[in-house]
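The values are calculated or read from the model by the stated rules, or taken from the named source; none is laboratory data. These numbers come from a predicted model, not from an experiment. Methodologically, a virtual Cβ is constructed for each residue, glycine included, from the backbone with ideal geometry; neighbour enumeration extends over all protein chains shown.
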Ligand SMILES: [Zn+2]
Ligand SMILES: [Zn+2]
């Protein structure tokens, strides 16, 4: 594994901004779309993403700097076999939702459509997200450059609005959140012009996400810290990637298993032989026993979908269907008629009854 700093061509002291700039420049240069048919560029692009994923996350970067591995010391980290450490996955809401805290940015949702093959192999996808990011001019403070938020003139910095009401029991003091500063205790007298004092700006961004092999339709992947920026120093929200897997013309999926219909020519079903069965990869030649019937199944172990976050693959189940030949030539029809005669089976366009009637006319 190459050094992440070297991959991005930055110093170990690089700021988040410098990392982002270096990553964007190189990602454009090595993007597979810009280098069709160049596996080296594709590989380098992967390394870039991997390096940026680690270094752009303060916790992972700190782990990487200290231990040379971003996962070190991170409790409860879920790892997809080393393919992508960026994600933790949960299905149907299990695994705990995002933590809420004061000033935390909102989560955002992006949708990704995959073919079955992409879901099986895992894929890198660019998703476009519209999000609120920290304002670059005021670094999220909301105050114009060179100025600082000042103490709120209404509440004097307490963040509370106190009111004294006279009641029959005497004077009662109530404290509510200061409406001027929203409870923060400070106000911005000269707001940043870039963000109008909000500290965050709306940005459209292309984000590269690594989809691990084996994802199923309806799965959600969480990319920690890639949601909206927090309010004035709060934690960023998370990005959730909703996966839709498109139906496949040959394979149906049930968990980690795949199923498909396999046509067996009548002659092969009767005499035995071999046929090609479709798989996610190249077709597999399988043996057919003499006397095979429609409805029998063939199971290929380890040829189904990869187990998400685990080892191995499910099975591929082929449902055999004996195929009756159509559009017979005269010669073929003759042969089958002779075969039917040997077995005493009634064949022909017209039934036996019609033939008898004809004979008496
Ligand atoms: Zn600003
Ligand atoms: Zn106030």
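At-a-glance table
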{"read-out": "Residue, nearest to residue 257 (Cα to Cα), within the stretch 289-305, restricted to residues that are buried (at least 17 other Cβ atoms within 10 Å of the Cβ) and touching a helix residue (DSSP H, G or I) at 6+ places or on another chain (Cβ under 7 Å)", "value": "305"}
{"read-out": "Total residues in the stretch 289-325, condition assigned to a loop (DSSP other than H, G, I, E, B) and farther than 14 Å from residue 251 by Cα", "value": "18"}
{"read-out": "Number of positions in the stretch 306-341 that are out of contact with any strand residue (DSSP E or B) (no Cβ under 8 Å at 6 or more places or on another chain) and farther than 15 Å from residue 256 by Cα", "value": "17"}
{"read-out": "Qualifying residue in the stretch 205-227 (condition: modelled with pLDDT under 85 and in contact with a strand residue (DSSP E or B) (Cβ under 6 Å, 6 or more places away or on another chain))", "value": "yes"}
{"read-out": "Among (1) farther than 15 Å from residue 213 by Cα; (2) surrounded by 15 or more Cβ atoms within 10 Å (Cβ to Cβ), the one test that residue 253 misses", "value": "(1)"}
{"read-out": "Where residue 286 falls short, out of the listed (1) assigned to a loop (DSSP other than H, G, I, E, B); (2) surrounded by 15 or more Cβ atoms within 10 Å (Cβ to Cβ); (3) without any contact (Cβ under 8 Å) to a residue 40 or more places away in the chain", "value": "(1)"}
{"read-out": "Test: residue in the stretch 127-142 that is out of contact with any strand residue (DSSP E or B) (no Cβ under 9 Å at 6 or more places or on another chain), at pLDDT below 85 and away from ligand 1 (no atom under 16 Å from the Cβ)", "value": "no"}
{"read-out": "Residue within the stretch 106-128 that is over 30 Å from residue 251 (Cα atoms) and assigned to a loop (DSSP other than H, G, I, E, B) present", "value": "yes"}
{"read-out": "Residue list for the stretch 168-199, filter: within 8 Å of ligand 2 (Cβ to nearest atom) and in contact (Cβ under 8 Å) with a residue 40 or more places away in the chain", "value": "184"}
{"read-out": "The stretch 126-167, residues that are more than 16 Å from ligand 2 (Cβ to nearest atom), farther than 28 Å from residue 240 by Cα and crowded, with 17+ Cβ neighbours inside 10 Å", "value": "144"}
{"read-out": "Filter pass, residue 237 being outside the structural domain of residue 335 (by TED's automatic domain parsing), on the phi < 0 side of the Ramachandran plot and either under 16 Å from the mean Cα position of the chain (by Cα) or crowded, with 17+ Cβ neighbours inside 10 Å (or both)", "value": "yes"}
{"read-out": "Qualifying strands (runs of 3 or more DSSP E) (wholly inside the stretch 129-213; at least 2 residues being not assigned by TED's automatic domain parsing to the domain that holds residue 118)", "value": "160-167, 170-177"}
{"read-out": "Test for residue 62: is it touching a strand residue (DSSP E or B) at 6+ places or on another chain (Cβ under 8 Å) and modelled with pLDDT under 80", "value": "no"}
{"read-out": "For residue 246: the one exception among (1) within 16 Å of ligand 1 (Cβ to nearest atom); (2) in contact with a helix residue (DSSP H, G or I) (Cβ under 8 Å, 6 or more places away or on another chain)", "value": "(1)"}
